[in-house]
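Here's the structure we're looking at; comments come further down.
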Amino acid sequence: MTLQNNYVKGAVTGFLAAFTAGLLISPVDGRTARRQTAEKTSLLINYPSKLISAVRGRKQKLHEFGRGRLEFLHNEINSTKEEAQNAAVDEYHDYSDEDL
């Protein structure tokens, strides 16, 4: 567990160092850099909720498709059962007619 904690600490420290260096070296003035940083931060903050919404929408569509497919297969099974029963009844009647 300590190795994982050290890895996370190192990753966060590296990100902060790169972020700070990027702000110091950026070719734009401070106001523009802050505005761009705020815009990108808001995109990063909103991205997970947008992703979750997209996944929920896809899940709903897939669920509806699966439900429709299941209903279709149930109908196919029922029609096959009816055909088999009708064929069995016809065969039984043909067999019983031959005996008479």
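The values are calculated or read from the model by the stated rules, or taken from the named source; none is laboratory data. Predicted model, so just to flag it, every value in this text is computed and none were measured. As a convention, Cβ positions derive from the backbone with ideal geometry for all residues, glycine included, and neighbour counts pool all protein chains shown.
If you go through the stretch 36-60 and keep only what is more than 28 Å from the chain's Cα centre (by Cα) and modelled with pLDDT of 85 or more, you end up with nothing.
Candidates Glu91, Glu71: the one that is assigned to a helix (DSSP H, G or I), surrounded by 10 or more Cβ atoms within 10 Å (Cβ to Cβ) and at pLDDT 95 or above is Glu71.
Cβ-Cβ distances below 9 Å connect no pair with a first residue in the stretch 53-81 that is in contact (Cβ under 8 Å) with a residue 12 or more places away in the chain and of a type in the set (Phe, Trp, Tyr), a second residue that is outside any helix (DSSP H, G or I) and surrounded by 10 or more Cβ atoms within 10 Å (Cβ to Cβ), and a separation of six or more residues or different chains. Residues that are touching a residue at least 12 places away in the same chain (Cβ under 8 Å) and either surrounded by 10 or more Cβ atoms within 10 Å (Cβ to Cβ) or of a type in the set (Gly, Ala, Ser) (or both) do occur in the stretch 23-40, at least one of them.
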